[in-house]
Amino acid sequence: MTIKPWLPSLLYLLALGIGGVLAFTHIPIHSQLHALLPSTENATQQALSDQLQSGQTSRMLLLGLQGATREVLAEANKQLAQALRDSGRFVYVHNGEHSSLKNDQALLYRYRYLLSPSLHPSQFQGKALQEALQRRVSDISNLLPLPIKQKILEDPTQAFPPYAQMLKGGNSLHTQHGVWFSAQKDLTLLVAETMAPGFDLDTQEDIQSLMTHQLEILRATLPGASALELLRTGPSLFAIQSRTLIQRDARWLSSLGTLGVVTLLFLTYRSAGLILLTMIPLATALLASSLAVYAVFGYLHGITLAFGVSLIGVAIDYPIHLFTHLHPPDPPATTMKRIWPTIR
C-alpha cells in the first residue's frame, strides 16, 4: 500500500487545527497581576504584597451620583446602594444611611477594649470598676431606653464613646435626605468595598458592568433621573482602564506589525502558499508551549502568553531562511541540508 506524499502533511495540519481549537476553547487565560508578584520571606514585604493583592485599599470604590435634584439624587443613592448590596459582590456599601453603618458599629463595639487607645489595664481592677459603676448609677436610674442602659452595664469604663468620637473626626460628611452629599454641589456620595480582589480585573470589570446596568435602570424607572450620571473612582477602575488602553494599543501594534511582515514576505516570495507555510512553525511552537503551561499550571497568564509569543517568534526565521535559499531544481530537503549547519 502506497502512502500519498501529501497525506502526512494533511494529517499534521489537521492535528494542528484541532489542537488550536481545543486550546482556544479550553485553556483559561488569567489576567490577575498578583500571580506575577514575587514571593518573599520578609514579613513587611509580604504584608505589602498581601495588601496590594487583596487589601481594602485595592478593593475600595468611591461613587457619586449627579444630574438631578437633591431629592431625586437621594432616592437614586438609596436604590443604587440597596441594589449593590443585594448583588452579593460587596463587603459593604455605605451611603450615610444609619442602617448601612449598623454592622460596622456593632463590630467596633464588640472589640472596643482592643481598639480604644486610652484604655489601661488598671481600669479593670475591682476598685476601678466599682468606681466606674458608681459614676454610672445615676445614668442607669434615669428614664433612659433599655438598650442604652444595657450599654452602660456592658461598658462601664466608657471605652467606646471616645473611640467612636475619634473615628468620627472633626469634619464629618454633609448629610441630606438621609444620605451623604457634597457640601459644594448637587452630588451624592457612596463608598463600597468589593469582595473580589482589586487585581481580579475580570471580576472587577463585571462589577463595573453591574453598576452601569443599575444606572440605566434608575434612569428608566426613577422620575426626574433621565440625565443621571454615575461618577466612579478607585484602584480597580484605574487598572481596568489601563488594561483596556494596553489591549487596544497591543492589538493595533500587533496588527500593524503582522501586516508589515506579511506584506514584506509577499513582495519577496510572491506566493500566498509560502506565506502560510512560514506560519506553521510559529503556530506549532505556540500550541506546544501553551499546552505545556496548561498541563503544569492549569491555566495560562495573559502576560506570559504575550511574552512567550514574542520569544518564540524566532521560529518563523527557519522557514524564511529555507525559502530564501531555494534554488530550482534543488529540492527543499537538499537546500535544508546545505543551510542547516549555519542556522542550527
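The values are calculated or read from the model by the stated rules, or taken from the named source; none is laboratory data. These figures come from a predicted structure and were not determined experimentally. Glycine gets a Cβ as well: all are built from the backbone with ideal geometry, and neighbour counts include every protein chain shown.
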Exercise. Which of (1) under 20 Å from ILE303 (Cα atoms); (2) surrounded by 15 or more Cβ atoms within 10 Å (Cβ to Cβ) is the odd one out, the single condition TRP180 does not satisfy?
Worked result: (1)
Exercise. Can you spot a residue in segment 199-207 that is surrounded by 12 or more Cβ atoms within 10 Å (Cβ to Cβ), assigned to a loop (DSSP other than H, G, I, E, B) and among the acidic types (Asp, Glu)?
Worked result: yes
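Report whether or not LEU253 is closer than 17 Å to ILE29 by Cα and modelled with pLDDT under 85.
On the way: closer than 17 Å to ILE29 by Cα: no; modelled with pLDDT under 85: yes.
When the stated conditions are applied, LEU253 does not pass them.
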Exercise. Does LEU187 qualify as being surrounded by 10 or more Cβ atoms within 10 Å (Cβ to Cβ), modelled with pLDDT of 75 or more and either out of contact with any helix residue (DSSP H, G or I) (no Cβ under 6 Å at 6 or more places or on another chain) or not assigned by TED's automatic domain parsing to the domain that holds ILE207 (or both)?
Worked result: yes
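Taking the condition assigned to a helix (DSSP H, G or I), over 30 Å from SER310 (Cβ atoms) and in contact with an Asp or Glu (Cβ under 9 Å, 6 or more places away or on another chain), does LEU215 pass?
Numbers: assigned to a helix (DSSP H, G or I): yes; over 30 Å from SER310 (Cβ atoms): yes; in contact with an Asp or Glu (Cβ under 9 Å, 6 or more places away or on another chain): yes.
Considered against the rule, which asks whether it is assigned to a helix (DSSP H, G or I), over 30 Å from SER310 (Cβ atoms) and in contact with an Asp or Glu (Cβ under 9 Å, 6 or more places away or on another chain), LEU215 comes out as yes.
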For this session: For segment 314-344, enumerate the residues that are more than 17 Å from GLY273 (Cα to Cα) and surrounded by 14 or more Cβ atoms within 10 Å (Cβ to Cβ).
Result: ALA315, THR335, MET336, ILE339
Seminar exercise, completed: By residue number, the members of segment 1-48 that are surrounded by 10 or more Cβ atoms within 10 Å (Cβ to Cβ), outside any helix (DSSP H, G or I) and at pLDDT 80 or above are ILE27, ILE29
Exercise. Conditions: (1) under 23 Å from LEU16 (Cα atoms); (2) among the small types (Gly, Ala, Ser); (3) at pLDDT 85 or above. SER236 meets all but one. Number of the miss?
Worked result: (1)
For this session: For segment 54-72, enumerate the residues that are in contact with a Leu (Cβ under 7 Å, 6 or more places away or on another chain) and either over 22 Å from ALA196 (Cα atoms) or at pLDDT below 75 (or both).
Result: LEU65, GLN66, GLY67, ALA68, VAL72
Exercise. If a residue has to be surrounded by 15 or more Cβ atoms within 10 Å (Cβ to Cβ), over 15 Å from the mean Cα position of the chain (by Cα) and over 22 Å from GLN66 (Cβ atoms) to count, how many in segment 222-260 make the cut?
Worked result: 0
Exercise. Among the residues of segment 163-184 satisfying the criterion of being more than 30 Å from the chain's Cα centre (by Cα) and in a strand (DSSP E or B), which is modelled with the lowest pLDDT?
Worked result: HIS174
For this session: Collect the residues in segment 219-245 that are touching a residue at least 40 places away in the same chain (Cβ under 8 Å) and assigned to a helix (DSSP H, G or I), keeping them in residue-number order.
Result: PRO235, SER236, LEU237, ALA239, ARG243
